[in-house]
Amino acid sequence: MQLKTILNRVLRHSAFVYVTEQLVQTQAGATLQVQLRARANSRPRCSGCGRLGPGYDTLAQRRFEFVPLWGIAVFFLYAPRRVNCVRCGVRVEALPWAVGKHRLTTAYAWFLARWAKRLSWKEVAEVFHTSWDNVFRAVEMAVDWGREHRDLSAISAIGVDEVQWQRGHRYLTLVYQIDTHCKRLLWVGKERKLKTLLGFFRWFGQERSAALKFVCSDMWKPYLRVIAKKAGQAVHVLDRFHIMSHLSKAIDEVRAAEVKALRAGGYEPVLKDSRWLLLKRPENLSEKQEIRLAELLQYNLKSVRAYLLKEDFQFFWGYRSWYWAGQFLERWCKRTMRSRLEPMKKVARMLRAHRPLILNWFRAKGAISSGIVEGFNNKAKLSIRKAYGFRSFHTMEIALFHTLGALPEPEGTHRFC
Ligand SMILES: [Zn+2]
């Protein structure tokens, strides 16, 4: 069977024909080169407006990379014609297997983009003997297409989160859809300032913003202000993940200070290697860690008291009624304010200041998927770690949308995967 026969089966074009095929040995290895030409008497299609027009001239032959066969690179060779279009002037003709100036065929670009969801970009380039640039361009194409074709209707709950992406406190603001029926990354912004999130709402539009029912975010002041202004009708929830991470940070501070003080006083290092014992949830500890934690809890240490306050706070999330949850919150804050643990007191003050938004958690229960922001946060951090070395914001944005955007794909892209 000839390659032409297979190509006619999988990728047939009405206006172009596969003419010859050739196995060419180059320095980089063997390549299969497939020559194409326009069907006799066919007129070229303008790449500007998509209409057929009279031919103008023919350009030099170009190579388009296609999906490799048995590890052999496959190239389409074709000399594009130019159209003398009545609307657009002289233009290069539109080709059904590639878009614009792309040197990858559309089929191959989707093929690489799909693999790039499973492997890192570097690995995809290695496995398919192509360049990192080609993989990036393929993913970029897939993301651009997906963002253009995604459905942005019926979004009722969003979560706003920030992740660090470069050394030196550089942040990205990520906005997710967190409806129970659809969870995905919607938007990425540079920094985490007032104007960052304003940028989201500008893009999102007034109509969609007015339809929001729930917004979930951290207690970060610029976010609070923008959300109150742009989606004031939505129930604004301060989410569990962020509140608990503030408490964990406070414990860390108490512990670090105490370790220092104990060491200065010449005491036994009881707190040595205790960080994870105090930060992990008890049910996630190993048996050995459990025993160590039990030992540690016998000491009347500041770190232990901070830990117990945090664990006590977990009960808060189990309440059904916001009224009783509110009572609990007040008791907890009172107790913490008497604890003489400054970092914990700071959290208590913060919780008191945002009491209504925290209690909104109970009004939103069931309507948004709790824990979803935390899940996305972990995945985003993983993408950023994997993409280590991506200097530019654009590359990072493409990577995040590719893994978290749940973007649509055109039909038939699975064919070669
Ligand atoms: Zn035209």
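Nothing in this text is a laboratory measurement; each read-out follows from the coordinates by a stated rule. Fair warning: this is a prediction, and the values are worked out from it, not measured in the lab. Methodologically, a virtual Cβ is constructed for each residue, glycine included, from the backbone with ideal geometry; neighbour enumeration extends over all protein chains shown.
The dipole here belongs to the chain: it is taken about the Cα centre, uses +1 on the Cβ of Lys and Arg and -1 on the Cβ of Asp and Glu, and is about 1060 debye. Every Cα-Cα pair of segment 1-57 was included, and the share exceeding 13 Å stands at 69 percent.
The DSSP beta bridges internal to the chain are antiparallel in roughly 75% of cases.
The trypsin sites (Lys or Arg not before Pro) of segment 324-357 that meet both conditions, a loop assignment by DSSP and at most 12 other Cβ atoms within 10 Å of the site Cβ, are Arg338, Arg340. Shape summary: the chain maps onto an equivalent ellipsoid whose semi-axes, from the alpha-carbon gyration tensor, are 57, 26, 17 Å in decreasing order. Greater than 25 Å separation of Cα atoms is the criterion. Which listed pairs, Lys288/Lys381; Lys183/Lys249; Lys230/Lys365; Lys229/Lys280; Lys117/Lys213; Lys260/Lys310, meet it? Beyond 25 Å: Lys288/Lys381; Lys183/Lys249; Lys229/Lys280; Lys117/Lys213. A simple charge model with +1 on the Cβ of Lys and Arg, -1 on the Cβ of Asp and Glu and nothing else charged puts the dipole of segment 263-417 at about 760 debye relative to its Cα centre. Loop-located GluC sites (Glu not before Pro) across segment 261-328 with a Cβ neighbour count of 12 or fewer within 10 Å are lacking, with loop assigned by DSSP.
Output the 0 to 90 degree angle, nearest 10, between the alpha-carbon long axis of helix 106-118 and the longest principal axis computed from the alpha carbons of the chain. Helix 106-118 and the main axis of the chain meet at about 20 degrees. When you filter the chymotrypsin sites (Phe, Trp or Tyr not before Pro) in segment 1-74 for DSSP loop state and at most 13 other Cβ atoms inside 10 Å of their Cβ, you are left with Trp70.
When the P(r) of segment 258-301 is calculated, the portion above 15 Å amounts to 42% of the C-alpha pairs. Taking every alpha-carbon pair under 8 Å whose residues sit at least 6 apart, the chain reaches a relative contact order of 13 percent.
How tilted is helix 287-296 with respect to the longest principal axis of the chain? Cα atoms for both, answer in degrees (0 to 90, nearest 10). Approximately 40 degrees, to the nearest 10. The slack in the chain from Arg37 to Trp203, taken as 0.36 nm per residue of separation less the alpha-carbon distance, amounts to 55.4 nm. Note on segment 151-223: Rg/Rh from C-alpha atoms, Kirkwood Rh, equals 0.97. Under 17 Å from a label point set 7 Å out along the Cα-to-Cβ vector of Arg355, the amide N atoms of segment 210-241 belong to 238.
Take every DSSP beta bridge whose two residues both sit in segment 8-139, then give the antiparallel share in percent to the nearest 5. Antiparallel bridges make up about 80 percent of those DSSP assigns within segment 8-139.
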